[in-house]
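Here's the structure we're looking at; comments come further down.
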Amino acid sequence: MPMVSALAIAALSARPGRQLARLSVFLSGATFALATLLLFAYLGTSSPTWLTTGLGWGSLYLDPLSIIMSLLVAGISLVVHVYSVRYMAEEPGYARFFALLDLMTAAILLLVAAGDFITLLIAWHLIGVLLYFLLAHNTQRPAAHRYAFWTFFTYRLGDLPLVLAAVLLYQTYDTIALPTLFERIAAAPNAPGVLGFSLLEVVALLIAVAAFARSAQFPFHTWLPYTMEGPTPVSALMHAGIVNAGGFLLNRFAPVFVEAGVVLHLVFAVGLITAVLGSVLMLTQNDIKKSLGYSTMGQMGFMFVELGVGAFSLAIYHLIAHGLFKGTMFLGAGGVIGDARKHDGVPHEDVYTLVVERKPVAARLPWMLAAAITVVVPFLLLGLSHWLVDSDFVGQQGAIVLLFFGWVTGAQLLFATHRLRVESPSRLMVLIILSLAIVVVGYTLIEHNFDLFMYPDRELSERLYAAASIPLATFGGLVTLVTIAIVVGWIAAYYTMANRDPLDGRTGNPRMALYSLFSREFYVADVYSRVSETVLALSKRFNIWSRWV
Amino acid sequence: MLLLLIACLLLPLFPLSMPFNALLGRLKRPGLRLAVVLITPQLGILVLNSAAQPIPEGFTTWALASAAFYAIRLLSVRDLAMWAGFLATSALALVWSFAAGGTAPVELHLIAFALSLPPALLMLLAGTLTRRFGAAYAGLHGGLARCLPKWSRLLILVVLAAIATPVFPGFFILLDLVFRADWPAASAILFVWLIWSWAGTRVLQGFVFEPCQRVEVRDVRPAAVAGYSILLTLFLIAGLGIAGGVL
């Protein structure tokens, strides 16, 4: 349907842009309705469908993963279409923008529903090309083109390992149809390898690298924050949908990752590095859109951490939740900037509050009580809710890692609440704990049922957790080490903040060096620029040597 | 062996590709360039077939190296016609891999045609620009998306076809080649493909993007636009047809 819309816009390009935009929105709504119908049809039968064209390619595989992703993509695309009708009205190339948006929606839908390798590769490749033109929609802005190129080139880098993975799988299992391929992999997982490595480990590594590039994982992350040069609706679509393709890809090839535990460990490590770097860089930005860009990078890192511990369905749940909230934040970024121009957001001093506003002076809970609540409450909430819903789950290493991250997040929230100075700190704390309990219990129930929906084959789900596991002693050591690092970090941060002189803005040399490192984004983009300059210089040298013929 | 070397001149492999590119540089009429780009490889395949001998193993490596060499050279070329010539040289070198793999002669002719048509069309587009500005250099009159929107649209489509974007035939041809190759050769082909993409965006940046220079020139005529559009649509449909036979 989005493809029909794009073709109709191209054919009717002489008509007023508003009419074409309305047509695009209407067909986008119809696509969303169709995706919803597909979901209900699946819930009725609970069996995946493989639709083939008979050409050997162009097939569609409608399983829980593709159906839920189609619904998400169609939904976000509809919101972005509606938003763009007015937002893009003054921009040149209004109809072209809608045609490209429709083509992009079609390509993403094709990707998530692809039933064979050729269709998957076509969609995978086309998304990069279309994103390039969407980001460079304003042809007059050199920066827009420059960053569109960064994105395109990183995506192309990611295309290549996926093609190689397809080649290796095709040459070994002699099929491009994904359902048949997964059956053959399950029947013969120990196929002859490449260069002494297991074939499925090599394939899993190639797929993981393709996913890293698509989802802005370190060191393929440099393009993501700079895509803000494109129109805001494109940023929303990209951060809410396109950038999630890596998580989708790993889920699609879950049967391969069952046989490649080593690669899952790599995915975990890369995800963790990306999550930490993305969060650090987010905190050092003074531009809201760029800050959101790095926030997406951090979230993508966290999604890969989930994949790395074997929680594949949780990663999809995460990308849906992230897609929805990040899309909302991007579309509301303009409003936030407008508000910031009117209100500075700086809290008043105690004296002002008491004398001028005639309100009681704000207070805090005793620190000992706050510390106890911070440590114990998230632990109890997360542990009990998961134990009640699925007691087996809590024993998995992956589950322990996720619960640990959940505990850190909950503790951070409560710690931040304690730092707020309010009229009634105990009431605020009770409300926050209640909210946290609702979120945690709700999340646990939804996630558990979502997992059953996504992976009705429980054995596959359990094998993924098993593949992601490491020796128990190593696991225990790592968890202890990370816990100590986090707790020491918290204490150090609290101590520094408590003893800081607010009038003294000086910082020592090591901190300045660290800040420089962050502000230059770890010099990764500079390294890439140097490499590309070297290749261009080599190209010129070759041409001079061969006299330009 | 002599016939194989003649084939290397016509289905150009470096350094025997140099006369091919020198000839393209000498020819001033875009129509003649188009004819050379389209006909020469077909003659090369005829010679290759008449040699009636298996292609020595080293030729495949030589062809891949030649394709990679011209792909890298593409990155610093600003003249659109020269760029098209280098791209044709890089792409046509890959035909040798098909020939070494035992592809039927008719298929070889079709593959060579599909790989040489987009560069040939680029020659025509370069001619159109040269008639208006005196030269077709990337960056000379950037921002043509505003000044020459129809020409820019055609350039974008032809460049996309030339760098083997789906669903143009080049994409399926490269995919076919990669699926047949062993993994080192497949990696080399993918490297060439990556560099084509980079070079393609550099060309688009130099001609289509950037601020408009506000030059007063006539855009491509509607009849020419219709001609290009029909040809590209047929080419695209052919790509979908080829896709059915990829695997």
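See the values below:
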read-out: Positive minus negative residues near A:LEU120 (Lys, Arg vs Asp, Glu; Cβ under 15 Å); value: -1
read-out: In the stretch B:1-104, the trypsin sites (Lys or Arg not before Pro) that fall in loop regions by DSSP, at most 13 other Cβ within 10 Å; value: B:LYS28
read-out: Under DSSP loop assignment and at most 11 Cβ neighbours within 10 Å, longest GluC sites (Glu not before Pro)-free interval of chain A; value: A:91-348
read-out: In the stretch A:413-503, trypsin sites (Lys or Arg not before Pro) in a DSSP loop with at most 11 other beta-carbon atoms within 10 Å; value: A:ARG500
read-out: Whether the stretch A:136-207 is rounded, prolate or oblate, judged on the alpha carbon gyration tensor where a/c under 1.5 counts as rounded; value: prolate
read-out: In Å, descending, principal axis extents of the Cα set of the stretch A:183-235; value: 48, 24, 10
read-out: Chain B - percent relative contact order, Cα under 8 Å, separation 6 or more; value: 22
read-out: The stretch B:150-211: radius of gyration over Cα atoms, expressed as a fraction of 2.2 N^0.38 Å; value: 1.28
read-out: Cβ-based exposure ranking for A:TRP57, A:TRP387, in which fewest neighbours within 10 Å come first; value: A:TRP387, A:TRP57
read-out: Hydrodynamic radius (Kirkwood) for chain A, which is based on Cα pairs only, to one decimal in Å; value: 25.6
read-out: For A:ASP116, residues with placed amide H under 5 Å, excluding near neighbours; value: A:SER59, A:LEU178
read-out: Kyte-Doolittle at least 1.6, axis length at least 20 Å by Cα - qualifying DSSP helices, chain A; value: A:94-113, A:117-135, A:199-214, A:261-283, A:367-389, A:472-498
read-out: Shape call, the stretch B:100-143: gyration tensor on alpha carbons, a/c limit 1.5; value: prolate
read-out: Distant alpha-carbon pairs in the stretch A:222-346 (separation over 22 angstrom), percent; value: 38
read-out: Burial ordering of B:CYS147, B:CYS8, fewest other beta-carbon atoms within 10 Å first; value: B:CYS147, B:CYS8
read-out: Descending Cα extents along the principal axes, chain B, whole Å; value: 56, 37, 31
read-out: Computed [θ] at 222 nm, deg cm²/dmol, chain A (DSSP H ≥ 4; -39,500 (n - 2.57); rounded to nearest 500); value: -25000 deg cm²/dmol
read-out: Nonlocal amide H pairs with B:ASP79, under 5 Å, H built at 1.01 Å; value: B:ALA138
read-out: Loop-located trypsin sites (Lys or Arg not before Pro) in the stretch B:161-220 whose Cβ has at most 14 other Cβ within 10 Å (DSSP); value: B:ARG214, B:ARG218
read-out: Residue-averaged 222 nm ellipticity for chain B, from DSSP H runs of 4+ at -39500 (n - 2.57), nearest 500; value: -25000 deg cm²/dmol
read-out: P(r) of the stretch B:64-123 over all Cα-Cα pairs, binned every 10 Å from zero, in whole percent; value: 25, 48, 23, 4
read-out: Alpha-carbon Debye profile of the stretch B:108-247, log10 I(q)/I(0) at 0.19 Å⁻¹; value: -1.09
read-out: Residues of type aspartates and glutamates that B:LYS150 reaches as a straight line, Cα spacing below 15 Å, ignoring anything fewer than 8 places off in the same chain; value: B:GLU216, B:ASP219
read-out: Centroid-to-centroid separation of the stretch A:419-436 and the stretch A:89-132 [C-alpha atoms, Å]; value: 46
read-out: Amide proton proximity set for A:VAL422, modelled H, under 5 Å, gap of 5+; value: A:ALA363
read-out: The stretch A:1-152: radius of gyration and largest Cα-Cα distance (Dmax), Å; value: 16.3, 52
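Coordinate-derived values only; no laboratory data. Note that the structure is predicted; figures quoted are calculated from it, not measured. Note that each Cβ is placed from the backbone with ideal geometry, even for glycine, and that neighbours are counted across all protein chains shown.
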